[in-house]
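Here is the structure we will look at.
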């Protein structure tokens, strides 16, 4: 919502980059190495992009089979919106059917962010259990020094 002191003014036409201007600019080759590093850092690098056989991803361009978040979202979207059967979507996007159901449930429950895989490894101090901490506290009471 805009601040009460702000006035919504449309941007002047000359500040909008036109499609014709975009077409005149030289194309840069994609930098897959940099993109894959960024995807890996965000835990969204698809470890099996070659398994994605959906035609939209095969054409290149906007759809990137290495982007796990995009692959999962498009898979669920095709099921929910286009009515693609789950087994067909699972096959076209390189997932088992159970992974499709998990992705659908995650997206419904938590939105797009829920499709990002959780951080691997232990989720807490799994070695310092309650009984171990109690034992350590008892030892400290016996010999605080």
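Things to note:
- Between residue 114 and residue 136, residue separation times 0.36 nm minus the direct Cα-Cα distance comes to 4.1 nm.
- Entry note, region 29-118: relative contact order of 26 percent, from Cα contacts under 8 Å with a spacing of 6+ residues.
- Taking region 35-81 and dividing mean pair separation by its residue count, relative contact order in percent (alpha carbons under 8 Å, at least six apart): 33 percent
- Fully extended contour minus Cα-Cα distance, from residue 20 to residue 51, at 0.36 nm per residue: 7.6 nm
- Burial ranking of peptide ranges 65-72, 113-120 (average Cβ count within 10 Å, highest at the top): 65-72, 113-120
- Average Cα contact separation per residue, region 65-117, under 8 Å, 6 or more apart, as relative contact order %: 35 percent
- For the peptides 49-61, 86-98, the ranking by packing is 86-98, 49-61, with the highest mean count of neighbouring Cβ atoms within 10 Å listed first.
- Modelled spin-label separation between residue 77 and residue 36, with each label point placed 7 Å from Cα along the Cα-to-Cβ direction: 2.5 nm.
- The residue 126 and residue 97 beta-carbon pair, evaluated with R₀ = 22 Å, returns a calculated FRET efficiency of approximately 0.10.
Since every read-out is calculated from the coordinates, none of them should be taken as a lab result. Keep in mind the model is a prediction, meaning the values are calculated, not measured. Neighbour counts are summed over all protein chains in view; Cβ atoms, including those assigned to glycine, are modelled from backbone coordinates with ideal geometry.
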